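Notes follow once the structure below has been shown.
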Protein chains: 2
Amino acid sequence: MQTINIAIVDDHPLIISGLVAILRPYTQIVVRGTYTSAAGLLEGLKKDCPDVLLLDILLPDVSGKELITTIREAYPALRVLVLTSLDMPSMVSSMLRRGCSGYLLKGAPSNTLIDAIEAVHGGGEYIEPKLKEQLFQNFLRFKEHPRNQIVVPELTQREKEVLALIAAEYTTREIADKLFISYYTAENHRNNLIQKLDVKNTAGLIKVAIQIGLLS
Amino acid sequence: MQTINIAIVDDHPLIISGLVAILRPYTQIVVRGTYTSAAGLLEGLKKDCPDVLLLDILLPDVSGKELITTIREAYPALRVLVLTSLDMPSMVSSMLRRGCSGYLLKGAPSNTLIDAIEAVHGGGEYIEPKLKEQLFQNFLRFKEHPRNQIVVPELTQREKEVLALIAAEYTTREIADKLFISYYTAENHRNNLIQKLDVKNTAGLIKVAIQIGLLS
DNA sequence: TCTTTTCTCCCGGTTTCCCGGTAGACGCCG
DNA sequence: CGGCGTCTACCGGGAAACCGGGAGAAAAGA
């Protein structure tokens, strides 16, 4: 059994000690550091080198939303398991887009916590089933009425087509030919996609598109 | 309830009529065309415009493996549900890599078939649970013993690191700096990844890596 | 020991992507 | 009608990716 090093950040010391107590019986999981603020975490991460981070969203200094972005940049290999009491599907998708590997509600039973940590550590993901389902429902509704821009950024029909072709490894030139539009137009759509999905390049585009269900 | 247009290709006419009979009670599913060969399918696809394609792998003229590649190129929006009697995990991963959205064994109960079609049509996927599990086990074994190159192309440690950074939207220059290696080395790894995963560019790299579980 | 693989570094050249604009045509809706 | 959004098209320039090689050192296996 491989040991899993974790770090915890949560603004309530009580919750932290609760988590530590829950995790203590599971010897394969080692808590390397606990923090009550984003600043403290960023300091401690350097020496802790955890595999998994339990992250609360509501923190005193920086929001977990911004924090996860910073962390993912600095430690791409670190898996982030969001552990929060915010049960909004929109928050799930938001955090997923920022690269978390799991989303768990506080109050989940301890064995679920263990399962989630192990899943996340093993390269999988664990999303609170209820929220996952709601997210999916939102997505369905979005598909039926493209007006309800709740979760997924609203892409136009043309943009979706271009996105599919990008994912199919076509170049902009080829996409243009295939859709009978100018090269410039195809490039426009491509740029708009990158803007709308808030990514930096094709790699991010594909990754995010898959994460939010625009691609399979 | 949205209607789902499907096409079927299978070398046995009996299976086709069986499928049609199974699907008839489900009025939301409309069979637009049935074919017993790849050539026939490619002809008929033009006018059928189905949403979902039920695809057998063993066909008289072309293997389903090659066929799916062709189809995905020509109709990126078309969802392919593989329906076969080949219960090899390696075939599942192979077809997934080529862009199918589902993998079902012949002999699955009819409600499973319906579920799969609807899942696939709705942007999801449906993989025969048993095979999915086996695939996952293979993957685990692969992780423990990097020697068993059964399903997933064997990536070196360094390549995995580079892959993760590519997915994190870093440029080659940034990856090189981050790993303390030369720009050329980072680019080598990038090129090797593209070769090993048999893709054409970064878009394909990310997509395939996610599909086969190298990225989340 | 010999071979294979991995990781490293290098080069020149081509293609593609990314950015930040501008701008006209069309349709929809208040 | 006037505004908004989409789709279309265009431009220039810079950055990045892609290709196809060569090549050496070190580690791991056969």
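Conditions (1) at pLDDT below 90; (2) within 15 Å of the chain's Cα centre (by Cα); (3) within 14 Å of another protein chain (Cβ to nearest Cβ), marked per residue:
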site: A:Lys106; (1), (2), (3): yes, no, no
site: A:Asn111; (1), (2), (3): yes, no, no
site: A:Lys130; (1), (2), (3): yes, no, no
site: A:Gln137; (1), (2), (3): yes, no, yes
site: A:Lys143; (1), (2), (3): yes, no, yes
site: A:Arg147; (1), (2), (3): yes, no, no
site: A:Val152; (1), (2), (3): yes, yes, yes
site: A:Asn188; (1), (2), (3): no, no, no
site: A:Ala209; (1), (2), (3): yes, yes, yes
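Kindly provide the set of residues from the stretch A:158-198 that are more than 10 Å from DNA strand D (Cβ to nearest atom) and either in a loop (DSSP other than H, G, I, E, B) or in the same structural domain as A:Arg97 (by TED's automatic domain parsing) (or both), ordered by number.
Matches in the stretch A:158-198: A:Ala168, A:Tyr170, A:Leu197, A:Asp198.
Take A:Ala168 and decide whether it is within 11 Å of another protein chain (Cβ to nearest Cβ) and of a type in the set (A, V, I, L, M, F, W, C).
Numbers: within 11 Å of another protein chain (Cβ to nearest Cβ): yes; of a type in the set (A, V, I, L, M, F, W, C): yes.
Yes.
Scan the stretch B:162-198 for residues that are acidic (Asp, Glu), more than 7 Å from DNA strand C (Cβ to nearest atom) and over 21 Å from A:Gln211 (Cβ atoms) and jot them down. Write out each step before concluding.
Going residue by residue through the stretch B:162-198, those that are acidic (Asp, Glu) are B:169, B:174, B:177, B:187, B:198.
Right, trim to more than 7 Å from DNA strand C (Cβ to nearest atom) and you get B:169, B:174, B:177, B:198.
Once the filter is applied, which keeps residues that are acidic (Asp, Glu), more than 7 Å from DNA strand C (Cβ to nearest atom) and over 21 Å from A:Gln211 (Cβ atoms), the stretch B:162-198 yields B:Glu174, B:Asp177, B:Asp198.
Suppose we filter A:Lys160, A:Lys196 for residues that are at pLDDT below 90 and within 20 Å of B:Glu169 (Cα to Cα); which single one remains? Break it down into steps so the answer makes sense when it comes.
Values: A:Lys160 fails: within 20 Å of B:Glu169 (Cα to Cα).
Among A:Lys160, A:Lys196, only A:Lys196 is at pLDDT below 90 and within 20 Å of B:Glu169 (Cα to Cα).
Looking at the stretch B:190-207, which of its residues are more than 8 Å from every other protein chain (Cβ to nearest Cβ) and either of a type in the set (A, V, I, L, M) or under 22 Å from A:Glu73 (Cα atoms) (or both)? Steps first, please.
From the stretch B:190-207, those more than 8 Å from every other protein chain (Cβ to nearest Cβ) are B:190-198; that's our starting set.
Of everything in the stretch B:190-207, those that are more than 8 Å from every other protein chain (Cβ to nearest Cβ) and either of a type in the set (A, V, I, L, M) or under 22 Å from A:Glu73 (Cα atoms) (or both) turn out to be B:Arg190, B:Leu193, B:Ile194, B:Leu197.
Just the residues that are in contact with an Asp or Glu (Cβ under 8 Å, 6 or more places away or on another chain) and among the hydrophobic types (A, V, I, L, M, F, W, C), please, taken from the stretch A:95-117.
A:Leu104, A:Leu105, A:Ala108 - these are the residues of the stretch A:95-117 that are in contact with an Asp or Glu (Cβ under 8 Å, 6 or more places away or on another chain) and among the hydrophobic types (A, V, I, L, M, F, W, C).
So, in the stretch A:199-216, of the ones that are among the polar types (S, T, N, Q) and within 11 Å of DNA strand D (Cβ to nearest atom), which residue ends up farthest from B:Gln211 (Cα to Cα)?
Restricting attention to the stretch A:199-216, the residues satisfying the condition of being among the polar types (S, T, N, Q) are A:201-202, A:211, A:216.
Checking which are within 11 Å of DNA strand D (Cβ to nearest atom) leaves us with A:201-202.
Numbers: A:Asn201: 19, A:Thr202: 17 Å.
Result: A:Asn201.
Would you check if B:Lys178 is under 15 Å from B:Leu197 (Cα atoms), within 11 Å of chain A (Cβ to nearest Cβ), modelled with pLDDT under 90 and in contact with a Leu (Cβ under 8 Å, 6 or more places away or on another chain)?
Values: under 15 Å from B:Leu197 (Cα atoms): no; within 11 Å of chain A (Cβ to nearest Cβ): yes; modelled with pLDDT under 90: yes; in contact with a Leu (Cβ under 8 Å, 6 or more places away or on another chain): yes.
Here the answer is no, as B:Lys178 does not meet what is asked.
The values are calculated or read from the model by the stated rules, or taken from the named source; none is laboratory data. Small disclaimer: the values here were computed from a predicted structure and weren't measured. In this analysis, Cβ positions are derived from the backbone assuming ideal geometry, glycine residues included, and neighbour counts consider all displayed protein chains.
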